[in-house]
1. With all protein chains present, how much of the accessible area of the chain (probe radius 1.4 Å) comes from carbon and sulfur, to the nearest whole percent?
2. Per residue, how much accessible surface does the chain expose to a 1.4 Å probe? Answer in Å², no decimals.
3. How many nm separate the modelled label positions at Ile21 and Asp157, each set 7 Å beyond the Cα in the direction of the Cβ?
4. For Glu241 and Gln13, what is the calculated FRET efficiency with R₀ set at 30 Å and r taken between the beta-carbons, to the nearest 0.05?
5. So if each residue of separation counts as 0.36 nm, and I subtract the Cα-Cα distance between Arg264 and Asp185, what length gain in nm does that give?
6. Quick one: net charge of Glu121's neighbours, Cβ under 10 Å, K/R +1, D/E -1?
7. Could you tell me which GluC sites (Glu not before Pro) in segment 210-317 are loop residues by DSSP with no more than 14 other beta carbons within 10 angstrom of their beta carbon?
8. With both bridge residues required to lie in the chain, what share of the DSSP beta bridges run antiparallel, to the nearest 5%?
Amino acid sequence: MKTLYDPIEPYRQGMLKVSEIHDIYYEQCGNPDGQPVVFLHGGPGAGLTADYRRFFDPEAYRIVLFDQRGAGNSAPHASLEENTTWSLVSDIERLRESLGIEKWMVFGGSWGSTLALAYAETHAERVSSLVLRGIFLCRPKEIEWFYQEGANAIFPDAWEQYERVIPESERGNMLEAYYRRLTSDDESVRLEAARAWSVWEGSALKLIPDQKLIDDFTEPHKALSLARIEAHYFMNNAFFETDNYLLENVGKIRHIPAVIVQGRYDIVCPMMSAWELHRAWPEAEFIVVGDAGHSVTEPGITDALVDATDRFRIQMT
Ligand code: STX
């Protein structure tokens, strides 16, 4: 089993102005002369953690990580203005250009896989390879599964605290009810909703729930950006023109070397979507981890991802 590389610190960090209102935080780690890779975090709105630097051989890769609009250290925090999938896609291009990179590996899980697909389908010539995990195509049926009906059958205990924040009369549309509270003028209403939303997501991440991980989701800074930005994107179906947008456009990227890693017992992003992507894109290597849920920290998922970046390293040198 492969595990994460040793912890590393960035050799450079910065803020990039991407619009009138948004500045995004980015960092570079590993080898400045190495193979470029960009890491796309989840949510949307979850932001980076230091462990995300550790999926790549630091001697082989020039690792670029950034907080998407409104997330992590990007500013303004948790802002929904000028915050769409297509603005994130253009931020990735702006970051690539500002760093003088021709082409890069794109690595993303969960919402990071959604964004990776949207970016690659728009700028295929800039993508050398793709490593995707916990596939999320951000379709209405996936959003409904996790936030309205489906996942609650597996985690009814955690669901109770998610449901409790919303009065019974509004439970017919949980996403709308949450969105109203997450965008309330009352800070305490926003925070209560953000915590309950985020704890629900944290509770369903792993095959075996991890209380310490769940508790991290009550932290206000992280909970507010995650919940507000997710609800905003999901209310807008990720700003895609059609429900199956990413599958319909997969023909634009089928020539790009790719690995898809999926946990069999992923409750946040059930395997149905990874399977449909695999069917639409048979050339991509498809790895199902039999004893994992959604989290990138589950041993089988980490093993498959590190192995994928190691193999791309060997192929390209
Ligand atoms: N959200 C899917 C997603 O991208 C529906 C995601 N889920 N949990 C996470 O991301 C974190 C563990 C990164 C918060």
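The values are calculated or read from the model by the stated rules, or taken from the named source; none is laboratory data. Fair warning: this is a prediction, and the values are worked out from it, not measured in the lab. Neighbour counts are summed over all protein chains in view; Cβ atoms, including those assigned to glycine, are modelled from backbone coordinates with ideal geometry. In case anyone asks, the SASA skips ligands and DNA or RNA and just uses the protein heavy atoms, side chains included. Shrake-Rupley method; radii C 1.70, N 1.55, O 1.52, S 1.80 Å.
1. Values: 6320 of 13000 Å².
It is 49 percent, rounded to a whole number.
2. Numbers: 13000 Å² over 317 residues.
Here the per-residue accessible area is 41 Å².
3. Here the modelled spin labels are 4.1 nm apart.
4. On the way: r = 36 Å, r/R0 = 1.19.
About 0.25, to the nearest 0.05.
5. Working: separation 79, 0.36 × 79 = 28.44 nm, distance 4.05 nm.
Gain on extension, Arg264 to Asp185, equals 24.4 nm.
6. 0
7. Values: sites: Glu230, Glu241, Glu248, Glu276, Glu283, Glu285; in loops: Glu241, Glu283.
Listed in order of number, the matching sites are Glu241, Glu283.
8. Values: 12 of 36 bridges.
In the chain, DSSP labels about 35 percent of beta bridges as antiparallel.
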